[in-house]
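Below is one structure; the comments refer to it alone.
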Amino acid sequence: MSSVLYDSQGPRAKQRNVLYTGLFAVAVAALVWWVYDSLDEKGQLEWVLWKPFFGSEAWSTYIWPGLQQTLLAAALSMVIALPLGALFGIARLSEHAWIRVPASVVVEFFRAIPVLVLMIFGNALFSAYMSVDPDDRPLYAVVTGLVLYNASVLAEIVRAGILSLPRGQSEAAMAVGLRKNQVMRFILLPQAVTAMLPAIVSQMVVIVKDTALGGAVLTFPDLMAAVSPMSSYYGANVIASFTVVALIYIVINFALTSFASWLEGRLRRGKKSTGAVIGADAVAELAAPGEHTDVTKGP
Amino acid sequence: MFDFSRDYDLLGAFWTTVQLAVLSAIGSLVWGTLLAAMRVGPVPLMRGFGTAYVNIVRNIPLTVVILFTSLGLNQTLGIKLGSDIIETSNFRLAVLGLVAYTSAFVCEALRSGINTVPVGQAEAARAIGLNFTQVLTLIVLPQAFRAVVGPLTNVLIALTKNTTVAAAIGVAEAALLMKDMIDREAQLLLIAAIFAFGFVCLTLPTGLLLGWVGKKVAVKR
């Protein structure tokens, strides 16, 4: 194993590594033992507390309904935010200042504000001015907050996707006589959508994680919110409940992340496209307010 | 209409937000750098630990992490982080959760920074006889740090926005005050505008300033 930072190892370096490995293993083992000991002391490791998760009742009563709400909110947000984001992304590229400037202001504004603030605002808005069924209100509020934030991030992804295409594409399209909106619809957007697929899938991870805010703060009955009723019903198995819920989130998001990097690798290797890709790494950059450097360069 | 400042401690709430952000930023920079060092280092066990930590923590919602620090660590396991006052202990737990979560992103930013340094730089350094420490401190890290100012700024901004999650465990920061005010006052749009303005003031200048610095110091290739 060699890297930028160090040479292939000789006998002395290998010996040193064995020493480091040993020391680190001892440190990790001490940590694990401490965690085990404190869990054991508080009786959190008793089989009674973990047993419910190996039966069907906990899953059908608490986890699955919560998970459904989480996935519903995430899917709704993505479906609504995508076209909005595309609209604003294209508007930011407009030649007309009166379209470009307002779109930029909106996008910068919503990227600068925490999702939770948007959700709380949405919740109050629905309860004060709109006749939404109080049972549905948390879902509406969560989706509103997620849409406002993610549409502006997706707008940046769309913009970066279009900008990532070689200029020859639009020049050639104009040369054969297409109008501006035809160039956008037939030439640039289809290629940009391919280029930004990995980024869109990565953004899905952010959305799934952010739905948990609704469960914690806005009484949205999602997977996160399932923890408290579940742990009080099964005799205060807080640690067990948190572990199971966290594992579910990890499995979903890890699957999405892996899918995104698989897509990215496939697109980068692909011969048919222009090779432009907005990768998962670019999303963090595009999600922050302010100007951006070129995000299309691969690692 | 503007008499909120008498009844509500707006500046105090935003000050708590800033404190959360700054303390967590320092903590996650330290822990994230250690993680990055493990991930790029030559010891396989440390690499494995770093990779596992980052992949697990990145995929858990921050809300779950923060609530776990309160419900799990504090109330179930009795970890109080050296304070019997609930407010102080919750604040510290929130910082702990934010550090644990954000350091995974700091680690990834630093690692990608190290990856931007061309292999030839380190190879040339080794060819003229520098040892590992010298390669790292004289050649690779100076270039890597200059490349990560931009990505780290994004992490810092995300962290500033993420401090609102501490509202879930009752830390008296801006989002909690906003919820409180909305529950009690009628001027919804005004309250929302005040808090939106507060967060724009915290995040946008940071992004613009540090983004500019990042571009300024980045190694042109």
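Brief remarks on what is shown
- Among the criteria (1) among the aliphatic types (A, V, I, L, M); (2) modelled with pLDDT under 90; (3) assigned by TED's automatic domain parsing to the domain that holds A:Leu118, the one A:Ile187 does not fulfil is (2).
- Looking across B:Thr160, B:Thr137, one residue alone is modelled with pLDDT of 90 or more and in a helix (DSSP H, G or I). It is B:Thr160.
- Remark: pairs (first residue in region B:95-123, more than 25 Å from B:Ile26 (Cβ to Cβ); second residue aromatic (Phe, Trp, Tyr) and part of a loop (DSSP other than H, G, I, E, B); Cβ separation under 9 Å; 6+ apart in sequence or on different chains) = B:Ala122/A:Tyr6.
- Taking the criterion of being within 11 Å of chain A (Cβ to nearest Cβ), over 24 Å from A:Leu213 (Cα atoms), assigned to a helix (DSSP H, G or I) and among the β-branched types (Val, Ile, Thr), the only residue of region B:24-60 that qualifies is B:Val40.
- Hits in region B:158-203 - residues which are among the β-branched types (Val, Ile, Thr), out of contact with any helix residue (DSSP H, G or I) (no Cβ under 6 Å at 6 or more places or on another chain) and closer than 10 Å to B:Thr17 by Cα: none
- When A:Ala124, A:Ala141, A:Ala128 are checked against the criterion of being crowded, with 24+ Cβ neighbours inside 10 Å and either within 14 Å of chain B (Cβ to nearest Cβ) or of a type in the set (Val, Ile, Thr) (or both), a single residue qualifies: A:Ala141.
- Selection of region B:183-206 for residues being farther than 17 Å from B:Thr163 by Cβ, within 9 Å of chain A (Cβ to nearest Cβ), part of a helix (DSSP H, G or I) and hydrophobic (A, V, I, L, M, F, W, C) yields B:Leu188, B:Leu189, B:Ile191, B:Ala192.
This table checks each residue for (1) within 30 Å of B:Val200 (Cβ to Cβ); (2) in a loop (DSSP other than H, G, I, E, B); (3) touching a residue at least 24 places away in the same chain (Cβ under 8 Å).
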{"site": "A:Ile113", "(1), (2), (3)": "yes, yes, yes"}
{"site": "A:Phe121", "(1), (2), (3)": "yes, no, yes"}
{"site": "A:Phe126", "(1), (2), (3)": "yes, no, no"}
{"site": "A:Ser152", "(1), (2), (3)": "yes, no, yes"}
{"site": "A:Leu165", "(1), (2), (3)": "no, yes, yes"}
{"site": "A:Gly168", "(1), (2), (3)": "no, no, no"}
{"site": "A:Met184", "(1), (2), (3)": "no, no, yes"}
{"site": "A:Gln191", "(1), (2), (3)": "no, no, yes"}
{"site": "A:Gly215", "(1), (2), (3)": "yes, no, yes"}
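- Of all residues in region B:1-59, those satisfying the criterion of being surrounded by fewer than 18 Cβ atoms within 10 Å (Cβ to Cβ), over 22 Å from A:Asp281 (Cβ atoms) and polar (S, T, N, Q) are B:Ser5, B:Gln19.
- Any chance B:Ala168 is at the interface with chain A (Cβ under 7 Å from one of its Cβ atoms), touching a residue at least 60 places away in the same chain (Cβ under 8 Å) and either buried (at least 24 other Cβ atoms within 10 Å of the Cβ) or touching a strand residue (DSSP E or B) at 6+ places or on another chain (Cβ under 7 Å) (or both): yes
- Test: residue in region B:97-114 that is surrounded by fewer than 19 Cβ atoms within 10 Å (Cβ to Cβ), part of a helix (DSSP H, G or I) and within 13 Å of chain A (Cβ to nearest Cβ): yes
- Scanning region A:186-210 for residues that are of a type in the set (S, T, N, Q) and either more than 14 Å from chain B (Cβ to nearest Cβ) or in contact with a Leu (Cβ under 7 Å, 6 or more places away or on another chain) (or both) turns up A:Gln191, A:Thr194, A:Gln203.
- Filter result (at the interface with another protein chain (Cβ under 8 Å from one of its Cβ atoms) and either acidic (Asp, Glu) or without any contact (Cβ under 8 Å) to a residue 12 or more places away in the chain (or both)) within region B:128-153: B:Phe132, B:Leu136
- With respect to (1) within 14 Å of chain B (Cβ to nearest Cβ); (2) surrounded by fewer than 22 Cβ atoms within 10 Å (Cβ to Cβ); (3) on the phi < 0 side of the Ramachandran plot, the lone exception for A:Gly235 is condition (3).
- Summed over region A:1-25, residues that are more than 11 Å from chain B (Cβ to nearest Cβ) and either touching a Ser or Thr at 6+ places or on another chain (Cβ under 6 Å) or part of a helix (DSSP H, G or I) (or both) total 3.
The values are calculated or read from the model by the stated rules, or taken from the named source; none is laboratory data. This is a predicted model, so every value here is computed, not measured. So basically every Cβ, Gly included, is an ideal-geometry build from the backbone, and we count neighbours across all protein chains shown.
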